[in-house]
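Below: one structure, written as structure tokens.
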Amino acid sequence: MDPITSFSLASGAAQLADFTFKLISGTTAIYKSAEGASDENASIEAIAARLQALAGNVADASELVEAGLVDKTVANIAKSCGSMAKQLLHALDQLKTDEKTVWKSFWAALKTLWQKTRIQDMVATLSREQASLVVHLQWGIANKQSSMHEALRQIDERTLQLRIDRTETLQHIRDAIKLEIAKAKEDISQEIAKIKDVQTTESGQPILLHEDTKVVRLVNVVASLVVTAQQRNDQHAFLSTLYFDTIMARQAGIREAHPQTFDWAFRDNMPDGTPLSLNSWLRSGSGIFWIRGKAGSGKSTLTKFVIQSPFTRTILKAWAGRDELVIANHFFWNSGSKLQMSQTGLFRTLLFEMLRHCPEVIPQICEAMPHVTEDSYQWTTEDLLLVMEVVSSQKIPKKFCFFIDGLDEYEGDHYHLIDMLRRLVSFGKAKICCSSRPWTCFIDAFGESQDRLLKLEDLTKNDIRRYVQDNFDKHPQFLKHHYDPEYKTLVDDVVGRAHGVFLWVFLVVRSLRDGLTYADRVSDLQKRLDTLPPDLETFFQHILDSVDPFYRQQSSEVFLLAAYAPESLPLPIYHILDNIDDSPSKLLSMSLTARDLGLPGPWKDKMARRLDARTKGLIEVIRSHNNGDPVPPQFRHVQMRAEFLHRTVRDFLLTGDVNTMLRGRCRADFSPATRLNQAFLVLLRSSEIIRAPSIANYVESFAYFAWRIEQEQNTAPPMALMKAAEAALAKLDWMRPADPHKHNLRPASLFALALSRGIYLYATALLNLEPDERLKAEISKNESPLLSLVILPFNAAPYHWWSISVEFVQLLLEQGASPSARPARNESTPFEMFLGELKKRPLRAVWKDELGLEYAGAKAVLGAMIAKGAPLNRLPEAKEIIRSRFDMLDAEYLLSLSPMAPAMPAALALRAKEMAKRKSATVGAGQEQAPSPSSPGRLSAKPEKADASPKRADHNKTAGLTARWRGLLSKKDQSVGTTP
């Protein structure tokens, strides 16, 4: 049962019952029309309007009862109250035709239509229902064991997690109501008894004994609470489409600024007189401010320092004036998750930060952009700009300052990103402070405005000096050298060679402190400094060469694994890889428990030591940011991750010569994809140490590396390993939707996961073993239609990396998959979903990246569904979408495939035939037709000659699809191994 929905229904019914009882008991005059009616009296129109509105809140709840959302008793009472409201509305309609224009009271008016006993029966029923509802509401609010109490607690908890701006929590409101109930407990009990025992006048009219009493106030306040709770729920649902687990992870992982460094950021001039402009821009500037700096110069650290400094908010308030100030930030991170390096991640972060501070505009946004409430909607640039327009049009007194770090780490077109940032500040309510390396595109865009520019490496000389001195001074051995005249020379030398690159200084100081540990003299430290490389890349190579030869093979493999993974790996993955090396024969039965690992703290220290010996500090152990969510001890191991010291380390490892050198040091059969696929299998089997919210991410990682195996080795992952994964997934129940009231597309088996993630060689191998049974069983058992998962994989995964197989789509349709199948609690069929995605993407250039299909593939998929009966006529927009996304001939051809469509006009058919003949020579056997704007769109992978009757040609063409696919399944090069 959903307590919010049930309470909403109960409070609505209670308000309806109260209004109806007051209406019948009242003594005010009733007028036929508004003419003559006053504040003390009422018109039939006003009564009917109010009654209609209250009755609308207690509509038939049978479907809610069947869905388990509403208590059956409450639903029955609400139904009874609704029935009485309908009777009264009918009576009001009759009164409108009465010759009289005024009655002493509603009771008097009603007596002209109904018998006295009927009215008295309604009054008695109203009294009983109202008393029952009040008791129900009182208990639900006051009792800590009630489901309503728990629901309100969860809403408040989610409000805190999403950091929504609210000065008053639902718990406070509930506690205030509870206090009132406690104060007036006896009075409420007496009033409930009076409600049950209705007194009447001599004429039989009920006497109103509880007007404006504690019972009425309780009902009204509870109704207000339910409305507020529902609004919070709606806000949470909307903001949850923007929120993602790593939204704060990058910022949390950036080192804090060294004490007393970067203090100059809020000054107008440096001590040497160099002018600074950040302070004046924060106070009164507009547009885009650019922090430029070399790799490793401290741009992210400075950005984090400015964001966290209380001076920033104080200064920005002067810019905001009377408007409320909202500060939001996003840190790009090309070694993190896809969302941390993508445009989508930027948009979702900024939108989330804006709207959590402005939850009051969410209803207006949903009204202006109804499509964003659809399942797994992909936010776009236009969405962000439209939200800014909505916020601006609402004249909300707020101003936004966005801090965006690492523009150079954005994975996409940087010129497009620059254009988007410029459009964002053009609305006048926002300004942006961003940082990046001095790449040409950023210099051209931001480099000419000296009043909105900061060149970091020219300003940190004194900060570097302080960092070096403090780190030397803190070492116990350095006290012996503090007064050595050569000490100042050593510090000056380090500062001079740094050229503003903090990361180089960090590595140098770490090496020099090692020398101090071994009692090096200052002269020895100077010689050590002279041997260290002057730039980062040669320094990294120097570190690789310094790894103990005993660890060199393991070191190379660890570096390659970390650089190969699309995001930083959970620390237990490295522990698992060690175990697999020790006992490779136990892979398929291997798992981890909290007892195996030991206490999180000591285990972390042990793993950090092992990694340090193999990577010399270039990979560090960090604890993932959990956004304030408390983590139980048994799950803290997987919360730890191994990350590169800096982005430049990963860039260095991926350069051709370095990557080749590392691979030469590895085992001959070393495959990062295979190793990580195996490790994530073991992690999925380790159910004791993995948290439910993270399981889906681990499944995606397992699928990703299985796909990489197929791409790199042209063979499916070992069948035994995949069977072990299927058994592990069945135990984890990872397919359960995150929101029980909203269907999420999730595969219901490993086969469905493989199809939806492009692991086609494995899926083919399974079909080869069970050609018909497997596919038909999967089609019938998936709660989410298998066809939806295959053609819309981006709805089920955080990001996608594959192309959709047109052949598999055709095969599913041949085997009975329906383009019109509706999943549970989801209004969209596969056909509707695919059309919706095409509608959201008017530019064909993005189809390959965002749909996994190019033009010809999208045409083939859509045509196959239409030919199999996708209902074009039931969707008003279907034909319009097809004609707007495809060229004229292609669109008419697609529409003609419908069994209900008229034949294609002869002129178009002839032209399609001629164009198809010209193109057929350029298309090889077994290939999809080229994405030509005028191609008539063949549905099979192998094109055939155009026919004057497209529908008949399509039928003949698809008839042999299954046979051709069976031939594909029998190919020797798609066999699978039997051992991992």
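The table that follows gives values for the structure above.
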| item | result |
| --- | --- |
| Loop sites in the range 402-465: GluC sites (Glu not before Pro), DSSP, at most 14 other Cβ within 10 Å | Glu411, Glu448 |
| Percent of alpha-carbon pairs separated by more than 16 Å within the range 295-373 | 67 percent |
| Efficiency of FRET between Glu773 and Arg874 - r from beta-carbon atoms, R0 22 angstrom, step 0.05 | 0.10 |
| Ser523-Lys606 FRET efficiency (beta carbon distance; Förster radius 25 Å; 0.05 resolution) | 0.10 |
| Calculated over the range 429-519: convex hull of Cα atoms, volume per residue (Å³) | 131 Å³ |
| Coil-residue trypsin sites (Lys or Arg not before Pro) of the range 283-338, DSSP, other Cβ within 10 Å capped at 14 | Arg322 |
| For the range 237-370: span of alpha carbons on each principal axis (Å, largest first) | 56, 40, 23 |
| Nearest-0.05 FRET efficiency for His499 and Met270, computed from C-beta distance (R0 22 Å) | 0.80 |
| Within the accessible area of the range 473-557 (1.4 Å probe), percent carbon and sulfur | 55 percent |
| Distance violations [Cα-Cα > 29 Å] among Lys294/Lys317; Lys488/Lys606; Lys299/Lys616 | Lys294/Lys317; Lys488/Lys606 |
| For the range 324-470: accessible area per residue (Å², 1.4 Å) | 36 Å² |
| Relative counts (whole %) of C-alpha pair distances in the range 508-589, using bins that are 5 Å wide | 3, 11, 15, 15, 17, 12, 9, 8, 5, 2, 1, 0 |
| Ranking by accessible area, most exposed first, for Asp887, Asp18 with a 1.4 Å probe | Asp887, Asp18 |
| Stokes-Einstein D in µm²/s, Kirkwood radius over Cα pairs - the range 457-609 at 25 °C with 0.890 mPa s viscosity | 132 µm²/s |
| Cleavage-rule hits, GluC sites (Glu not before Pro), the range 678-715, DSSP coil, Cβ neighbours within 10 Å at most 16 | Glu688 |
| Rounded accessible area per residue of the range 482-532, 1.4 Å, Å² | 49 Å² |
| Protein-only accessible surface order, largest first, of Glu557, Glu814 at 1.4 Å | Glu814, Glu557 |
| Potential lengthening between Arg50 and Thr117 on full extension [0.36 nm per residue; Cα-Cα distance subtracted] | 21.6 nm |
| Theoretical gain in end-to-end length, Ala318 to Met661 [0.36 nm per residue, Cα-Cα removed] | 117.9 nm |
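The values are calculated or read from the model by the stated rules, or taken from the named source; none is laboratory data. Keep in mind that what you see is a predicted model, and the values were worked out from it rather than measured. Every residue, glycine among them, receives a Cβ derived from its backbone with ideal geometry; neighbour counts consider all protein chains shown. Calculation scope for accessible area: heavy atoms of the full protein, side chains included, ligands and nucleic acids excluded. Shrake-Rupley method; radii C 1.70, N 1.55, O 1.52, S 1.80 Å.
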